[in-house]
Amino acid sequence: MRLPPDLRRRLELAARAGAIVMLAWMIVRSAAPRDTATVQERTDSHALSAALAAWTLAPEPSAVHVTAAFAPAARDREWLRALARAGVRVSWSGDSIPATAIEVAARNDPGGGTRAYVAAPAGARAALADAVGLLDTLGVVPGASALAVPVSSGALDLLVRNQHARAGAPDSMLPRQVVVLGRVGWEGKYVSAALEERGWKVSSRLRVAPSVFVTQGTPFALDTAHTSVVIALDSSAGSYASAIASFERNGGGVVLAGDAPLAAGLRALALGRAGARVAAASLSFASSTPRRALGFFPIVALDSEAVSLESRDGRVIAAARRAGAGRVVQLGYDETWRWRLAGSGDAPGAHREYWSSVVSAAAYRAAGPIAAVMQAGDAAPLASLYADLGAPTPPAAAALHVTPGLRWWMFAALALLLLAEWASRRLRGAR
């Protein structure tokens, strides 16, 4: 049955109006904010990689949350940051993540090796490993702990609970020669011997009389191209004060031992005034603290920028300070040779290690020609997590808001309305 012409025209107008209304509704809906449906979805550290792939696909979430037992890897954090830059609200929580950090530095020592500085919650158990396997385990004390690693392969890994912190080994260091200045005596002889036995190249100039010296090597090459550190064993080195000061300003290391700071020319380099000599606190080197059997010149009025390295009964014995481009170590001991000769056990070895550590602390550091090692992870994972994603948020505050968007039936309804109007007009012969 054919419809009356007037009714057909009214139906065509209704279809056209319905199409216009549907089109306007679709435009408004597509521009509306994402605030309709809410889906509670979260993930943890173990499932994060799979969740990231799902979150990146449509429908795109407006917020994601990670409950972490350990800090996500750098790759996953970069992915989360990319989601955040795309407009997704990213949050995380993880009260059990230990705050760990590791720094690896080359030892400025002829024996080579590295030194690892590690930090973790006090009382935790930590494991230190390299590419080959486990190196050491330790109980973490407050502050940072330093471990000497004579030989390592690849990056060092610090494991505390489930958290890994990794740092690559740096370039090796090329130690220059050590120059020893002072008077002829047991101290100069055995300090030089200890450093040579350790592997340091030693040059020396020791005074026998006002115009008589015993010289070894090239003690006047006080520049960083040839020398790492100069040791002033006593106040007689004051005659070289100008050259020592110039060497320190150019980045060299200086060790002022015994009464050397009493020399007028060396007082400007000293970290404090050398006080009256303090006698040994013990008559025997056999104890667990053999240096108590050594007398020393205490460092009085220590400079505010200096760091105390050793003290006894409230008196500072050793201190260090960075001065300009160089470093200065002031050491109160003046007769460490007694430790080497009268100590028990491997006293020569302990004396050797002590003096090598003093020189290493002050020496000019020249990097070797070895290519830099790529960092194999995060040296401070929790700190990196804070830097990349901000402070943690309680899990309850995180929810996924999914935008309904446009649906297939909307396009179908729009097409049917337009098709109905077109077909009706064609059937009645209208254009």
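Inside the range 133-170, can you point out the residues that are more than 26 Å from residue 45 (Cα to Cα), free of Cβ contacts under 8 Å to residues at least 60 places away in the same chain, not hydrophobic (A, V, I, L, M, F, W, C) and not in a strand (DSSP E or B)? 142, 143, 150, 152, 153, listed by residue number. Where strands (runs of 3 or more DSSP E) fall entirely within the range 195-311, those with at least 3 residues that are closer than 20 Å to residue 355 by Cα are at 202-209, 227-232, 253-257.
Among residues of the range 5-16 that are closer than 11 Å to residue 420 by Cα and in contact (Cβ under 8 Å) with a residue 60 or more places away in the chain, none has a beta-carbon under 7 Å from a residue that is assigned to a helix (DSSP H, G or I) and of a type in the set (Phe, Trp, Tyr) at least six positions away or on a different chain. Scanning the range 276-290 for residues that are in contact (Cβ under 8 Å) with a residue 24 or more places away in the chain and open to solvent by less than 50 Å² (accessible area, probe 1.4 Å) gives 278, 285, 290. Can we say residue 238 is surrounded by 15 or more Cβ atoms within 10 Å (Cβ to Cβ) and in contact with a strand residue (DSSP E or B) (Cβ under 7 Å, 6 or more places away or on another chain)? It is false that residue 238 is surrounded by 15 or more Cβ atoms within 10 Å (Cβ to Cβ) and in contact with a strand residue (DSSP E or B) (Cβ under 7 Å, 6 or more places away or on another chain).
Can you tell me how many residues in the range 341-354 are open to solvent by less than 30 Å² (accessible area, probe 1.4 Å) and part of a helix (DSSP H, G or I)? Of the residues in that region, 4 qualify. Residue 299 meets the conditions (1) open to solvent by less than 30 Å² (accessible area, probe 1.4 Å); (2) under 18 Å from residue 255 (Cβ atoms); (3) in contact (Cβ under 8 Å) with a residue 40 or more places away in the chain in every case but one. The failed one is (3). Scanning the range 16-69 for residues that are at pLDDT 75 or above, open to solvent by less than 50 Å² (accessible area, probe 1.4 Å) and part of a loop (DSSP other than H, G, I, E, B) returns 47, 62, 68, 69.
The values are calculated or read from the model by the stated rules, or taken from the named source; none is laboratory data. Note that the coordinates shown come from a computational prediction; the quantities given were computed from them, not determined experimentally. Here Cβ is always computed from backbone atoms with ideal geometry, including for glycine, and neighbour counts include all displayed protein chains. Side chains are part of the model used for accessible areas, which takes the heavy atoms of the whole protein and leaves out ligands, DNA and RNA. Shrake-Rupley method; radii C 1.70, N 1.55, O 1.52, S 1.80 Å.
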